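**Student:** Before we start, here is the structure in question, set down as structure tokens.
Here, each number is a calculation from the coordinates, and none is a lab measurement. Owing to the predicted nature of the structure, the values given are computational and were not obtained by experimental measurement. Heads up, the Cβs are rebuilt from the backbone with ideal geometry, glycines too, and the neighbour counts pull from every protein chain shown.
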2 protein chains.
Amino acid sequence: MTEFSEWFHNILEEAEIIDQRYPVKGMHVWMPHGFMIRKNTLKILRRILDRDHEEVLFPLLVPEDELAKEAIHVKGFEDEVYWVTHGGLSQLQRKLALRPTSETVMYPMFALWVRSHTDLPMRFYQVVNTFRYETKHTRPLIRVREITTFKEAHTIHATASEAEEQVERAVEIYKEFFDSLGIPYLITRRPPWDKFPGSEYTVAFDTLMPDGKTLQIGTVHNLGQTFARTFEIKFETPDGDHEYVHQTCYGLSDRVIASVIAIHGDESGLCLPPEVAAHQVVIVPIIFKKAAEEVMEACRDLRSRLEAAGFRVHLDDRDIRAGRKYYEWEMRGVPLRVEIGPRDLEKGAAVISRRDTGEKVTADLQGIEETLRELMDDILENLRTGAWERMESEIREAETLEEASRIIDEKRGIISFMWCGEEECGMDVEEKVRVDILGIQEGGSGTCINCGREAPYRAYLARTY
Amino acid sequence: MTEFSEWFHNILEEAEIIDQRYPVKGMHVWMPHGFMIRKNTLKILRRILDRDHEEVLFPLLVPEDELAKEAIHVKGFEDEVYWVTHGGLSQLQRKLALRPTSETVMYPMFALWVRSHTDLPMRFYQVVNTFRYETKHTRPLIRVREITTFKEAHTIHATASEAEEQVERAVEIYKEFFDSLGIPYLITRRPPWDKFPGSEYTVAFDTLMPDGKTLQIGTVHNLGQTFARTFEIKFETPDGDHEYVHQTCYGLSDRVIASVIAIHGDESGLCLPPEVAAHQVVIVPIIFKKAAEEVMEACRDLRSRLEAAGFRVHLDDRDIRAGRKYYEWEMRGVPLRVEIGPRDLEKGAAVISRRDTGEKVTADLQGIEETLRELMDDILENLRTGAWERMESEIREAETLEEASRIIDEKRGIISFMWCGEEECGMDVEEKVRVDILGIQEGGSGTCINCGREAPYRAYLARTY
């Protein structure tokens with residue numbers, strides 16, 4: 001569906017989110033408006049993580065020997081690591097990789113930080129840029145060579161069951177996060193051939209883009225003791241023994257913002273959840289010759305009141321037609337527009353217009369803060385419900401592989417089916433339908449769509465980004 | 001003075017600011033406590049800049065040809081640029097530099113962004129990591145290979161006088177910023193041989209470290225039209241002509257935090273201005289058998305109240321001796337400690353202890369928020385005044401070069417003298433005293449310390465970091 005692709009490309013430009021003209025493929029510029037949306041999104045994430053995680057910041061560059069230590073892990077990244085080989089005019093003695101992710105950056109330090117069982121659990125996160133030398137077609141915010149907004153959390157535990165519990169907690173954290181953005185998600189365990197290199201298993205969040213392809217928007221990995229053994233991360237137990245720790249990590253990227261833009265946007269442009277919108281309310285004075293100064297005065301007064309009440313508000317007092325203002329602010333996704341004209345003013349009222357539904361209501365200027373706040377809550381709720389409904393209507397059950405193929409070809413979306421869980425059978429499914437298995441969920445029963453054996457798993461297929 | 005160097009090294013470790021053991025020279029890890037101080041410092045900076053600057057985020061990697069475009073500029077950085085030469089296993093067609101600073105990253109885009117005089121002025125900033133392949137001895141936060149906290153602002157103007165004005169505004173911005181950290185500064189114009197490569201002139205902020213060496217903590221550059229010509233940044237004037245823009249840029253780094261630590265710290269450890277402290281108030285219950293539960297209850301109650309009032313507060317309810325708690329929180333620089341014991345409680349009071357002076361006052365629990373707030377203001381004021389007095393007492397006037405040499409050798413600090421302003425004479429001064437000229441200030445009159453000619457400038461010499 002080229003329409004979505006084109007729409008996405010255009011809205012990033014027109015709404016000044018990202019400038020795609022930077023002269024290196026797959027690397028882009030966050031423009032002021034995009035940066036504000038990014039900043040507000042990170043604020044939500046930090047509010048959730050800061051409850052029981054500590055924010056840190058590790059170096060960008062990984063020495064070659066550290067990166068190479070964990071063999072399976074490095075294998076997963078070696079084709080896409082950027083290498084620094086020179087400092088000034090001289091060759092470095094040891095090549096340095098730009099972090100593709102930070103396990104090999106952090107874990108040598110964790111080996112120094114972890115001492116005793118009383119230190120555990122430890123939960124850290126950082127928000128950084130990471131690099132992947134993508135050979136595939138790049139696309140801003142979705143498939144890039146510089147991931148500018150990589151949030152990675154890394155946790156350390158004394159026991160396997162505590163690490164398992166942390167995986168569940170991380171899933172809850174991401175649910176809360178995506179819920180506050182109104183982004184629907186399908187949570188599955190990735191098939192073994194698609195798990196994070198070096199992990200025991202990977203739980204992934206996928207969402208459905210408007211073109212019917214899924215986008216991976218978050219992953220949670222149980223690392224078991226693999227990295228602990230590689231990097232010698234041990235702790236002293238209450239009995240004085242020394243044991244390897246158990247670890248998890250979980251990450252999000254710029255794709256979160258891609259999904260907010262893509263899933264809530266419409267033909268008029270962006271449609272932003274109020275918590276991430278750069279401006280939550282824009283005030284547009286309706287000026288005629290009559291009472292022009294009184295109207296402006298009332299608008300300025302309202303702006304001060306809303307600012308004081310904590311709204312991100314903008315008064316658009318430019319000397320251009322109101323229609324053009326409406327067009328621009330709708331395109332930029334501002335959730336609420338307040339218009340004040342002379343007749344409204346006489347009644348002590350204003351007209352509030354919702355970006356999501358286009359509805360207009362007249363509200364008393366007195367106490368308008370409360371009205372706006374309720375509308376903002378309602379907008380998020382409405383965006384969320386709508387997005388979930390659209391995604392769920394695109395999840396279709398298939399009984400046979402032929403049916404799965406046909407649905408994917410005709411409608412895209414997500415196919416739900418029963419699967420035995422055997423790797424060989426799964427590979428076979430992917431080959432026959434020529435579409436990836438997203439992942440599985442436990443529970444349910446039936447027979448495998450491919451081999452006909454008993455199937456304890458519900459699995460999902462989709463074309464993916 | 002090895003004592004300062006040792007003190008600084010130790011406090012970064014003991015107060016868990018930075019972990020210096022990362023296995024690449026000159027690259028370090030921000031630990032949770034350090035990260036919070038960094039975050040609070042950036043918050044102040046953003047509050048000031050956001051008034052009339054827009055935050056953006058540009059890519060890390062600069063194509064070789066863009067970096068090479070501005071000849072003087074690249075000359076200034078070529079010895080210290082890190083080069084990415086490989087992606088995965090294949091050699092890149094075009095080498096990519098890790099930004100040492102972002103002129104050559106941003107300005108090709110500015111050429112696309114600037115169209116008309118109505119677009120100007122534009123004021124942007126970003127907070128990013130930058131890289132310098134330092135061959136000198138590295139030192140955490142002071143001389144590093146990954147500058148993790150580089151705040152760079154870049155502005156674009158229609159006229160030379162507006163660019164000059166912006167330089168003055170940037171100086172005011174940095175004054176306000178350093179004042180809120182209580183950091184004293186000497187503002188000078190750098191001598192021509194020490195200006196930013198490619199700029200017309202550089203105004204610098206230096207502070208004095210406890211070992212008597214100065215540290216450059218901020219710079220403001222008037223770039224004139226040099227980069228505009230190189231990158232073809234033009235705007236259409238009201239008359240329809242196309243003219244090159246005038247630009248400025250100004251930057252700060254991790255050194256801001258180094259100076260906060262170094263200048264306010266003492267033999268007990270950190271001493272933090274309240275606005276940057278990770279915790280502003282720590283509550284320590286004084287527990288005896290008697291009334292233990294009541295005391296804890298009162299402490300928890302106070303914590304809730306202070307949190308609600310916006311303080312960053314921590315209740316230290318660990319089961320260890322109060323003395324050890326005092327030691328730790330003093331070392332970590334918490335501005336205010338509140339102790340509550342059974343006898344205080346009977347009187348409805350608490351004992352407040354100041355980190356900066358060690359003074360103790362008894363305060364009513366009722367209304368303690370107000371008392372704490374006043375004390376915090378007073379602490380910043382006291383730290384600032386003390387730091388300014390110490391720096392000013394280390395600025396000494398010299399009439400002859402011999403006197404300058406002698407003072408530098410005996411006392412370090414900063415030497416103030418009159419100078420003719422001729423480059424050759426200045427080089428001669430630096431050679432004879434074997435100390436750098438920091439910079440000059442206009443005004444004053446006298447005869448040049450070296451050549452005896454008329455001297456319109458006051459200049460400063462110091463050993464520098």
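**Student:** List, in order, the whole-Hz ³J(HN,Hα) value for each residue of segment B:38-45 obtained from phi through the Karplus relation with A = 6.51, B = -1.76, C = 1.60 and θ = phi - 60°; use x for Gly and Pro.
**Tutor:** 4, 5, 5, 5, 5, 4, 4, 4
**Student:** Regarding segment B:295-341, what are the three Cα extents along the principal axes, ordered largest first, in Å?
**Tutor:** Sorted largest first, the three principal extents are 27, 22, 14 Å.
**Student:** Quick one: Cα convex hull volume of the protein assembly as shown, Å³ per residue?
**Tutor:** About 206 Å³ per residue, rounded to a whole number.
**Student:** Here's another thing I want to ask about it. In whole Å, largest first, what are the principal axis extents of the Cα atoms in segment B:281-376?
**Tutor:** 32, 28, 22
**Student:** Rounded to a whole number of µm²/s, how large is the Stokes-Einstein D of segment B:28-158 at 20 °C and 1.002 mPa s, given Rh as the Kirkwood radius over C-alpha pairs?
**Tutor:** Once the numbers are plugged in, D ends up at 128 µm²/s.
**Student:** Mind listing the phi-derived Karplus ³J(HN,Hα) values for segment A:141-154, rounded to whole Hz, using 6.51, -1.76 and 1.60 with θ = phi - 60°, and x for any glycine or proline?
**Tutor:** Using θ = phi - 60°, the values come out as 6, 10, 9, 10, 9, 10, 7, 7, 10, 9, 9, 10, 10, 9 Hz.
**Student:** Something else: In nm, what does the list of distances from B:R406 to its counterparts in the other copies look like, shortest first, when each label sits 7 Å along Cα to Cβ?
**Tutor:** 10.3
**Student:** Roughly speaking, what % of Cα-Cα pairs in segment B:388-454 are separated by over 14 Å, rounded to a whole number?
**Tutor:** 57 percent
**Student:** Which value in Å is the Kirkwood Rh of segment A:19-63 over different Cα pairs?
**Tutor:** Kirkwood hydrodynamic radius for segment A:19-63: 13.3 Å.
**Student:** So if I take the alpha carbon set of segment B:183-231, get Rg, then get Rh from the Kirkwood formula, what is the Rg over Rh ratio?
**Tutor:** With Rh from the inverse mean 1/r over Cα pairs, Rg/Rh is 1.10.
**Student:** Compute the acute angle (0 to 90°) between the alpha-carbon long axis of helix B:368-393 and the principal axis of greatest extent of the alpha-carbon atoms of chain B; round to the nearest 10°.
**Tutor:** Taking the Cα atoms of chain B, the angle to B:368-393 is about 50 degrees.
**Student:** On to the next question. Quick one: what do you get for chain A if you divide its Cα Rg by 2.2 N^0.38 Å?
**Tutor:** After normalising by residue count via 2.2 N^0.38 Å, the value is 1.12.
**Student:** If you split all Cα-Cα distances of segment A:36-83 into 10 Å bins from zero, what percentages do you get per bin, shortest first?
**Tutor:** Each 10 Å bin holds this share of Cα pairs: 19, 30, 27, 24.
**Student:** Which value, in debye to the nearest 20, describes the size of the charge dipole of the protein assembly as shown about its Cα centre when Lys and Arg Cβ atoms bear +1, Asp and Glu Cβ atoms bear -1, and nothing else is charged?
**Tutor:** Working: 118 positive and 164 negative charges, 103 e Å.
I would put it at about 500 debye.
**Student:** Provide the percentage of antiparallel DSSP beta bridges, counting only those with both residues in the protein assembly as shown; round to the nearest 5.
**Tutor:** About 85 percent, rounded to the nearest 5.
**Student:** Can you tell me the convex hull volume per residue for segment B:88-185, based on C-alpha atoms, in Å³ to the nearest whole number?
**Tutor:** Once divided by residue count, the hull of segment B:88-185 is 172 Å³.
**Student:** Considering only segment B:281-376, what is the antiparallel percent among its DSSP beta bridges, to the nearest 5? Could you put the intermediate results ahead of the total?
**Tutor:** Working: 9 of 17 bridges.
In segment B:281-376, approximately 55 percent of DSSP beta bridges are antiparallel ones.
**Student:** Ok, one more. Tell me the angle of helix A:423-433 to the major Cα principal axis of chain A, expressed in degrees between 0 and 90 and rounded to the nearest ten.
**Tutor:** Orientation of helix A:423-433: about 50 degrees from the principal axis.
**Student:** Hey, another quick one. Add +1 for every Lys or Arg and -1 for every Asp or Glu among the other residues with Cβ under 15 Å from the Cβ of B:R343, and state the total.
**Tutor:** With Lys, Arg at +1 and Asp, Glu at -1, the neighbours total -1.
**Student:** Okay, next question. Using just the helices of the protein assembly as shown, give the 222 nm mean residue ellipticity in deg cm²/dmol: DSSP H runs with n ≥ 4 each add -39,500 (n - 2.57), and the total is spread over all residues, rounded to 500.
**Tutor:** On the way: 28 runs with 346 residues, N = 930.
Estimated from H runs of four or more residues: -11500 deg cm²/dmol.
**Student:** Could you give each residue of segment A:272-277 its phi-based ³J(HN,Hα) in whole Hz, using Karplus coefficients 6.51, -1.76, 1.60 with θ = phi - 60°, and x for Gly or Pro?
**Tutor:** Rounded to whole hertz, the list is 9, x, x, 5, 9, 4.
**Student:** To the nearest 20 debye, what is the magnitude of the charge dipole of segment A:1-125 about its Cα centre, counting +1 on the Cβ of each Lys and Arg and -1 on the Cβ of each Asp and Glu?
**Tutor:** 420 debye
**Student:** When only alpha-carbon atoms are used, what values of Rg and Dmax, in angstrom, describe segment A:219-336?
**Tutor:** Answer for segment A:219-336, Rg first and Dmax second: 26.0, 85 Å.
**Student:** Given charges of +1 on the Cβ of Lys and Arg and -1 on the Cβ of Asp and Glu, with all other atoms neutral, how large is the dipole of segment B:398-462 about its Cα centre, in debye to the nearest 20?
**Tutor:** My answer is approximately 260 debye.
**Student:** Can you give the Rg to Rh ratio of segment A:308-465, both from alpha-carbon atoms, with Rh computed by the Kirkwood formula?
**Tutor:** On the Cα set of segment A:308-465, Rg over Rh gives 1.27.
**Student:** Out of all DSSP beta bridges with both ends in segment B:330-444, state the antiparallel percent to the nearest 5.
**Tutor:** Beta bridges within segment B:330-444, antiparallel portion: roughly 75 percent.
**Student:** Still on this structure: Quick one: P(r) of segment B:142-242 from all Cα-Cα pairs, 10 Å bins, percents rounded to integers, in order of increasing distance.
**Tutor:** Computed distribution, short to long bins: 13, 38, 32, 13, 4, 1.
**Student:** Taking the C-alpha atoms of segment B:2-264, how large are the radius of gyration and the largest Cα-Cα span, Dmax, in Å?
**Tutor:** For segment B:2-264, the Cα-based Rg and Dmax read 19.0, 63 Å.
**Student:** For the Cα atoms of chain A, what angle does the longest principal axis make with the long axis of helix A:255-264, in degrees from 0 to 90, nearest 10?
**Tutor:** The helix A:255-264 is inclined about 40 degrees to chain A.
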